[in-house]
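Each remark here refers to the structure printed beneath this line.
Each reported figure results from applying straightforward, stated rules to the coordinates on display, with no laboratory input. Remember, it's a predicted structure, so these values are computed and weren't measured experimentally. Here the Cβ positions follow ideal geometry from the backbone for every residue, glycine too, while neighbour counts run over all protein chains shown.
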Amino acid sequence: MSLARRCGERGTDKGRCGWRWPKTATALKALAGKPRAARTAASACLVLLLTLAGAGCGARPDLRIGAQTFTETKILAEMYKALIEQKTGLDVKVIPDLAASPLVFSALDRGDIDLATLYSGEIFNNHFPLESLTKDRAEVLRQAQEGFDRYYGFDWMDPLGFENTYAFTVRRQVAEASGYRSISDIKPDAASMRFGVDTSWLERASDGYPAFRQEYGISFAKAYPMELSLVYTAVKNEQVDIVLAYSTDARLKAFDLQTLQDDRHFFPPYDASPVMRKEMEALHPGVKEALRPLIGAIDAETMIGLNYQVDIEKKSEREVALAYLKQKGLIPK
């Protein structure tokens, strides 16, 4: 059953394209007073339903690619679209802004989209029983590929070449002056360093600050909790000395910041891969071959640069994707 049907309820409005979806005001009113978890899940369902409804106008495309709200997944979706259309002649539709990876996963599972970018650390979100709670990159990838094939019928392809995970980050000039290359390198100076960090990470049990201190034996002089979006500016302006950032964020380049290697492998790996429903892959076998040139070809530095063009230079995701593919000789100029 499609997500559009699963999310439906009595009292629907019929759009100009023939879709029927819940009356938005009625649906939102019904969520009032519900437990927070129920409100979050139902709201996500409603958002996805309305997004797919809007994308469903006209004839259904041969293939639908979903993308999360953050930039790199939209750029990659446009790359997938361009390569697939050129190599196979299929009609491909990109459906952006599907909130977060769990929502994209649900849409894939229900067949509302056919292809997306997901990250190997997704295995830790209780989708299926794990053989081991490892943080080894190759082992996490193997479990992702085998587990999502067995339990969901997904082809979890080999990684694109980068991971998007937490990364301890300092100003580049500080890293060069102090010889910081890995997290362990800061240990002698940590007791005098001001630490800017996402509020929730300070309290998380398995991979938050308490577990980090135990693993690395590092405690900072003071931790300043803040919204994750603010940590980049805080370290750039020397309000703090070190922050916890995302490893492919465009602001790393914009603010000349340096990430530090997680030499004790504290954070789980989050390698990015194209993920496709195997039933759709069987129907269109040329799709996987069309994506093959991207496998292992995009490292973190390249992804940061592509994100930079969209987030800082304000180019469109499609413009950046096509320029990259032309530069690499993967589509005609």
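Using the Cα gyration tensor of segment 192-232, with a ≥ b ≥ c the square roots of its eigenvalues, what is the shape: rounded (a/c below 1.5), prolate (a/b larger than b/c) or oblate (neither)? Since a/c reaches 1.5 but b/c is at least a/b, the shape of segment 192-232 is classed as oblate. Cross-linked pairs 74/253; 74/314; 87/278; 253/326; 87/314: Cα-Cα separations exceed 21 Å for 253/326; 87/314. What shape does segment 170-255 have by the C-alpha gyration tensor, where a ≥ b ≥ c are the square roots of the eigenvalues, rounded means a/c under 1.5, and otherwise prolate means a/b greater than b/c and oblate the rest? In terms of gyration-tensor shape, oblate. The peptide list 199-207, 143-151, put in order of mean Cβ contacts within 10 Å with the highest first, becomes 143-151, 199-207. In summary, the aspartates and glutamates within cross-link reach of residue 135, defined as a Cα separation below 18 angstrom excluding same-chain residues under 8 places away, comprise 122, 146, 158, 163, 207, 215, 262, 263, 271. Across segment 121-171 the C-alpha pair distances fall into 5 Å bins from zero in the proportions 4, 18, 28, 22, 15, 6, 4, 2, 1 percent. Ranked by the mean number of other Cβ atoms within 10 Å of their residues, highest first, the peptides 154-164, 289-299 come out as 154-164, 289-299.
From the Kirkwood radius over Cα pairs of segment 66-178, Stokes-Einstein at 25 °C and 0.890 mPa s returns a whole-number translational diffusion coefficient of 154 µm²/s.
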